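Accompanying notes for the structure given below.
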Amino acid sequence: MSEQLIGQQVELSTPEGDVYRFVIRSVQPYAGESYAVLEEEKQDGQLLVTHVETDALGAPVFVVVGEEDIITAVLEKQVAETIMRSLEGVQDTDEEV
């Protein structure tokens with residue numbers, strides 16, 4: 001399910017009823033759980049780390065994470081993954097030359 005979520009748009013609501021739109025940038029495993037990194041759909045969109053849960057129907061539910069250690073670990077994993085993908089692209093280009 002996690003790979004299928006990447007790139008999808010989601011809306012998160014505050015208790016006050018404010019709605020924010022995000023794009024799922026990555027889903028990272030951490031401590032046996034799945035966490036999604038969401039980016040707000042604005043030019044300078046903030047990143048938000050959420051715990052991926054499911055509702056009674058099996059649909060994903062995104063719960064905002066407040067624990068700094070989890071946020072740091074998940075974002076570090078995302079950065080490492082992004083760097084690895086970039087390096088793979090460079091290696092592919094070098095092989096074509």
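Apart from one condition, HIS51 fits all of (1) surrounded by 14 or more Cβ atoms within 10 Å (Cβ to Cβ); (2) farther than 16 Å from ILE24 by Cβ; (3) not polar (S, T, N, Q); the exception is (2). Name the residue, out of GLY45, GLY58, that is under 20 Å from GLU3 (Cβ atoms) and either basic (Lys, Arg) or not in a strand (DSSP E or B) (or both). That would be GLY58, the only listed residue that is under 20 Å from GLU3 (Cβ atoms) and either basic (Lys, Arg) or not in a strand (DSSP E or B) (or both). Considering the conditions (1) touching a residue at least 24 places away in the same chain (Cβ under 8 Å); (2) touching a His at 6+ places or on another chain (Cβ under 7 Å); (3) loosely packed, with under 15 Cβ neighbours inside 10 Å, VAL63 is excluded by exactly one of them, (1).
No lab work stands behind these numbers, since they all come straight from the coordinates. Keep in mind that what you see is a predicted model, and the values were worked out from it rather than measured. Virtual Cβ from ideal backbone geometry, glycine too; neighbours counted across all protein chains shown.
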